[in-house]
Structure formats: C-alpha cells, structure tokens
1. Answer yes or no: is there a residue in the range 48-64 that is within 12 Å of the chain's Cα centre (by Cα) and either surrounded by 14 or more Cβ atoms within 10 Å (Cβ to Cβ) or of a type outside the set (S, T, N, Q) (or both).
2. Could you tell me whether any residue of the range 16-31 is closer than 16 Å to A87 by Cβ, of a type in the set (K, R) and either surrounded by fewer than 10 Cβ atoms within 10 Å (Cβ to Cβ) or in contact (Cβ under 8 Å) with a residue 60 or more places away in the chain (or both)?
3. On the basis of being within 20 Å of the chain's Cα centre (by Cα), among the small types (G, A, S), at pLDDT 95 or above and outside any loop (DSSP other than H, G, I, E, B), does A38 make the cut?
4. Would you be able to say whether some residue in the range 4-26 is part of a helix (DSSP H, G or I) and closer than 17 Å to L89 by Cβ?
5. Do you know which residues across the range 42-64 are of a type outside the set (D, E, K, R) and in a helix (DSSP H, G or I)?
6. Can you tell me which residue is modelled with the highest pLDDT among those in the range 74-99 that are more than 16 Å from L42 (Cβ to Cβ) and surrounded by 10 or more Cβ atoms within 10 Å (Cβ to Cβ)?
7. Can you name the residue in the range 11-43 that is of a type in the set (A, V, I, L, M) and out of contact with any helix residue (DSSP H, G or I) (no Cβ under 7 Å at 6 or more places or on another chain) and is also nearest to A55 (Cα to Cα) among such residues?
8. Starting from residues that are over 14 Å from A87 (Cβ atoms) and touching a residue at least 40 places away in the same chain (Cβ under 8 Å), keep the ones in the range 32-43 and report whichever is surrounded by the fewest Cβ atoms within 10 Å (Cβ to Cβ).
Amino acid sequence: MAKFLIIALLAVLVWWMVTGRWPWQAKPTRLQRQTDRARKLLSVPAGATRPDIHAAHRRLIATVHPDRGGSTAMVHRANEARDLLIAQLPVEHQIPSSKEDQ
C-alpha cells in the first residue's frame, strides 16, 4: 500500500512539473492563455487599468519599434496584447477619456 501511495505521489508531481498545474485543476482556456501571455509581454498585473495598459504598451513600443532596432512583428504582438487586454476590461474601464485619445 505504501509503494502505491509513493508511486501515486510521484506521478502527481511529474504531472505538475510537466504541465504546470495539478491534475485536479481545470485546464486554462485559450483566452486565458492569450490573456496571460499579453500580461506577461506588457508586464502588467491582472488588475491593470486602461491607463496602466497604455503606459506599458508605450514603454514596450519604445524598445521594440523598428526605428529603434526592433521588428515589426514585435510591434504587432505588442499591439495585439494591448487590444486583447483592453477588450478584457470591464465596461466602465473601456470608455476612453479625452486625455488618453490625444
């Protein structure tokens, strides 16, 4: 019985090391994975506001812009990340203020 428990524990630990989640946790959806990647790319926390997302986007664009030695692919990825995170905001945070649009 003890051998079975040890083998089961090792199997669970291997599962966690390979997949990054426990076997009883739900698999993240595609949208959750994309949102996590976008947050990581822009370096913003889960509760980031619209101004936080725009500021992080500007900082990233300043470093990956083709005029600064970056690539257009990275600019497109940054723009997609910004758009995805803004679309995920609650409605009251999506309404742009006139100062941000200028």
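The values are calculated or read from the model by the stated rules, or taken from the named source; none is laboratory data. On a predicted model such as this, the values are computed, not experimentally measured, just so you know. So basically every Cβ, Gly included, is an ideal-geometry build from the backbone, and we count neighbours across all protein chains shown.
1. Taking every residue of the range 48-64 in turn, at least one turns out to be within 12 Å of the chain's Cα centre (by Cα) and either surrounded by 14 or more Cβ atoms within 10 Å (Cβ to Cβ) or of a type outside the set (S, T, N, Q) (or both).
2. yes
3. Criteria met by A38.
4. no
5. The answer is L42, P51, I53, H54, A55, A56, H57, L60, I61, A62, T63, V64.
6. P96
7. L31
8. Only one residue fits best here, namely R37.
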